[in-house]
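The structure under discussion appears below in the form of structure tokens.
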Amino acid sequence: MRTVGTYDELANYYHLIFENWDVSVERQAAVLSSILHGKCGLPAASRILDCACGIGTQAIGLAMMGFRVSGCDLSTPAVERARHEASRRNLKIQFAVADMLDLTCLGESRFDAVVCMDNSLPHLQSEADLLQAARQIRAKLRPGGLLMASIRDYDRLLEERPVVQGPSFYSDQGRRRIVFQVWDWKDDRLYVFHLYITRELETGWQTFHTSGLYRAIRRDELVAVLTKTGFKKVRWLAANESGFYQPIVLAEAD
């Protein structure tokens, strides 16, 4: 994952992507825990690794739901922010800086589930990297453990090839906030996303910008990679089925 600088820059602003980040943390936790409990049968005290935790959006929410959570991310500032947010909520979550291409630095293994949400896998810029990450994730799971990941609906997006996402308009105590992305397609798979967060402050308007690279992954490609690296019962949950805002893939470790 070569977009670490993007998320270093974004660590202090990431919550502004959401209308209300705290509400989103709780809402996502409710959806994801219902999948882990109801569809996959994991008890609340299950051990979960969030291997692309960012500032803790899913890790914090799942810990609040009673799961025993560890988290890692390639971005040091993001991990530091996640630690701060967990501490502020009196949650005991083990966070570490680690690339999903090499999770060997994490002492723990035999997790009941590994989660990788918010379109993190498409930051991997080749099929070889995707295979490597899948192997690393598989090595952290107990036999029969679960992988849960989400990606954008690239089967549709590769047909449409959109160049903008949003804008979304929010209000912060009467002051306006606008969030949108511009996508620059480089070829049939790779695109650079430009994220803009424009806020109305007491002193005037302020715009934050960062950019990074994605490689669009089709669903059948991800299924093939997971099957090749020791996963079985690979299945997809559409957004209207799961209640999550992106398609979710579930797979069990052999």
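Here are some notes:
- Sites Val31 and Thr203, calculated FRET efficiency, Cβ-Cβ separation with R0 35 Å, nearest 0.05: 0.40
- Radius, Kirkwood style, for the range 62-175 when every pair of distinct Cα atoms is counted (Å): 16.5
- Shape category assigned to the range 138-188 from the gyration tensor of Cα positions, a/c cut at 1.5: oblate
- Exceedance of the 20 Å cut-off in Cα-Cα distance is limited, within the set Lys140/Lys232; Lys39/Lys92; Lys39/Lys228; Lys39/Lys232, to Lys39/Lys92; Lys39/Lys228.
- Length gained on full extension, Arg142 to Thr104: 12.2 nm, using 0.36 nm per residue less the C-alpha separation.
- Solvent-accessible area, 1.4 Å probe, carbon plus sulfur percent, for the range 38-168: 48
- Amide N of the range 136-162 lying under 18 Å from the label point, which is placed 7 angstrom from the Cα of Ser211 along Cα→Cβ: 162
- On the basis of the beta-carbon distance and an R0 of 51 Å, Leu157 and Ser87 show a calculated FRET efficiency of 0.85.
- If the segment from Asp172 to Thr76 were pulled out straight at 0.36 nm per residue, it would be longer than the present Cα-Cα gap by 31.8 nm.
- Less than 5 angstrom separates the built amide H of Ala96 from those of Gly71, Cys72, Asp73, all sequence-distant by 5 or more or on a different chain.
- Rounded accessible area per residue of the range 77-215, 1.4 Å, Å²: 49
- Bridge type composition, the range 1-106 - antiparallel percent by DSSP, nearest 5: 10
The values are calculated or read from the model by the stated rules, or taken from the named source; none is laboratory data. Note that the coordinates shown come from a computational prediction; the quantities given were computed from them, not determined experimentally. Note that each Cβ is placed from the backbone with ideal geometry, even for glycine, and that neighbours are counted across all protein chains shown. Ligands, DNA and RNA are stripped out before the accessible areas are found, and what is left, the full protein with its side chains, is counted by its heavy atoms. Shrake-Rupley method; radii C 1.70, N 1.55, O 1.52, S 1.80 Å.
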